[in-house]
Amino acid sequence: MERPGRLLLQSELRVRNAAYDVSLSRSLLIWKRRTSSPVYHPFRPRFCVPLFRRRPDPGVCHSVPVSEIISVREEEEENGSRQRDDGSWKKIREREGKDCRQAFTVLYVERCRQHRWRCAEVTFTCSDEAVCQHWVSSIREQLASNTSRPKHLLVYINPYGGKRQGKRIYEQKVAPLFTQAGISTSVIVTEYANHARDHLKMEAELKKFDGVVCVGGDGMFSEIIHGLIWRTQIDCGVDPNSPEEALSPCSLRIGIIPAGSTDCICFASVGTNDPVTSALHIIVGDSQPLDVCSVHHNNMFLRYSVSLLGYGFYGDVLSDSERKRWMGPARYDFSGLKMFLTHHYYEGTVSYLPAKGIIGTPRDATRCRSGCVICQHNGQLNSERSEKYEMDEASDSESSGEWRTIRGKFLAINAASMSCACPRSPKGLSPAAHLADGTTDLILVRKCSRFNFLRHLLRHTSKDDQFDLTFIEVHRVRRFRFMPRHCQSDSDLELDLHENSKRQIFSQICKDHPACGCAPAYSSWNCDGEILTHTGIDVRVHGQLIKLFARGIEELPVFEDLSNPCAI
Ligand SMILES: CCCCCCCCCCCCC/C=C/[C@@H](O)[C@H](CO)NC(=O)CCCCCCCCCCCCCCC
Ligand SMILES: Nc1ncnc2c1ncn2[C@@H]1O[C@H](COP(=O)(O)OP(=O)(O)OP(=O)(O)O)[C@@H](O)[C@H]1O
Ligand SMILES: [Ca+2]
């Protein structure tokens, strides 16, 4: 909890019918009831907790970090009652007695269950107009001095993502909050796939904006980052296609208003997929760096990924589900069940460069949370190393034997650059993965029985460790490559040429006759919900390449906080 610091203002004001000592510093707004008898808080406390967890608030004292004030509004007097700036009537004067003539309302962030944020408000009244004015202008000054808050945003809405609610969600839940916070917007409702990406690449006047807002799902977010990363590289004179180039970080932050089917990037970086919570994180100007993987095939750029790169099971689920878009988000469950029953495995070679010198492993009990020290430490390490080791990792370390290689039969090969937590699996594919540590967790699910695979899948939804199974291995890596068996070099394939040719014939037959039960030769990659056109890929993590309007998942509040500034 922050300490209040030097006071800018201190007055006795009224909240409803009670007198409060109200103070403002650069960091906190505090209002404390002027009474000696302990009473229960008449409003909701700062954290909305269930009644059974509420405690008597000794001095009825509230504090709000100035950084979490959304806006301040003067209540205007008219015809004996007061009118809000937004026009809705509010009879404050009648309620509070004739001496209370001036009022202002502070809107601020209030935390609710499951990482949700809401906009709460408190109205202060006082008899002196000058005092009231002074309070309003002081709070506004403090808000204006916060340079991390966006003032102008470029908003892209996918009207067809998820349950096709993107436009309604933005107009009803988000736009009114932006207006209250004094944020101006330029809104584009996309008319076709890749509209947002191409607009960002070629047309958008990015200098006019402090950030980009994506209303949609993970696929829509993917469009936004492709446009923004490409544009940034061109502006910085970096070749966006080269697998060996150090990419330039994007300066504009991206806000995600979740309106898709999985919304894993929003869920894993905020802790919930709630549009109002996301809008408030944008308004207060949060910033959360994010790792981005670049994916190449034979030195040709394919795509970027920030969440899941999945071959085998998740690739097959996605390919199958694309034909069932009409089912909405339920398509993933249908195709998931189908692919689970189909139980295909795939052969290939995975090579990877383990992440050395970093803190953390994929089996840690600690989680990436707001202000994560592991992301800070490893991020710093990465930026120090990037210049020095850029070429080493691409060539020297390979020849010096740092690369490790695994050949085998796999049900799934997954790379999770973040936890990939989502409502289907609140802990995610790799629960200990970090948003911004410059690594990805490479999860190999070797061929196993359906029963064992089900055990693994089920553990994504329980407390049990999904990696604690003999057929699973997981490595934290900076870079990896995959080569499906049918693409391997002649020398590799010569070993079992006869068997291979038999398999290729079978794979054709099996595509035509899926019921025959033979595994097809290859799957496809699911890259953040998009299917890649190639199967042999080279993946490299670019630490903290982009930034979100988020702060990572907050630890649950500790109510016994002894550093409560009200106690000072
Ligand atoms: C028995 C229940 C097991 C539940 C296991 C749940 C594991 C779920 C893990 C989800 C990980 C999502 C990673 C995020 C990927 C996104 O970049 C991408 C774009 O939005 N989404 C998907 O590809 C969408 C991928 C959606 C995958 C859904 C998989 C559903 C599996 C269902 C298996 C049913 C077996 C039932 C046997 C009786
Ligand atoms: N106007 C549009 N018409 C058709 N497709 C669009 C349009 N705008 C964007 N798209 C595409 O729609 C695809 C899916 O969008 P989105 O990610 O918003 O929803 P989703 O797939 O339901 O959710 P998730 O990605 O979270 O699973 C994206 O790949 C995006 O490129
Ligand atoms: Ca990471």
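The values are calculated or read from the model by the stated rules, or taken from the named source; none is laboratory data. Model, not experiment: these values are computed from the prediction. Reconstructed Cβ throughout: ideal geometry from the backbone, glycine too, with neighbour counts over all protein chains shown. Quick note on the areas: whole protein, heavy atoms, side chains included, nothing else; ligands and nucleic acids left out. Shrake-Rupley method; radii C 1.70, N 1.55, O 1.52, S 1.80 Å.
Heavy atoms only, probe 1.4 angstrom, no DNA, RNA or ligands counted: give me 115, 226 ranked by accessible area, highest first.
Ranked list, largest accessible area first: 115, 226.
Mind grabbing the accessible area of residue 16 for me, 1.4 Å probe, Å², rounded to tens?
Per-residue accessible area (residue 16): approximately 120 Å².
Rounding to the nearest 20 debye, state how big the charge dipole of the stretch 152-548 is about its Cα centre with +1 on each Lys and Arg Cβ and -1 on each Asp and Glu Cβ.
For this selection, approximately 1380 debye.
How about the stretch 137-237: which chymotrypsin sites (Phe, Trp or Tyr not before Pro) there lie in a loop by DSSP and see at most 12 other Cβ atoms within 10 Å?
192
For 342, 147, give me the order by solvent-accessible area with a 1.4 Å probe, most accessible first, ignoring ligands, DNA and RNA.
The residues order as 147, 342, largest area first.
When ligands, DNA and RNA are left out and all protein chains stay put, how many square angstrom of accessible area per residue does the stretch 152-548 have with a 1.4 Å probe?
For the stretch 152-548, the per-residue accessible area is 42 Å².
For 220, 483, give me the order by solvent-accessible area with a 1.4 Å probe, most accessible first, ignoring ligands, DNA and RNA.
483, 220
Percent of accessible area on the stretch 152-548 owned by carbon and sulfur, 1.4 Å probe?
52 percent
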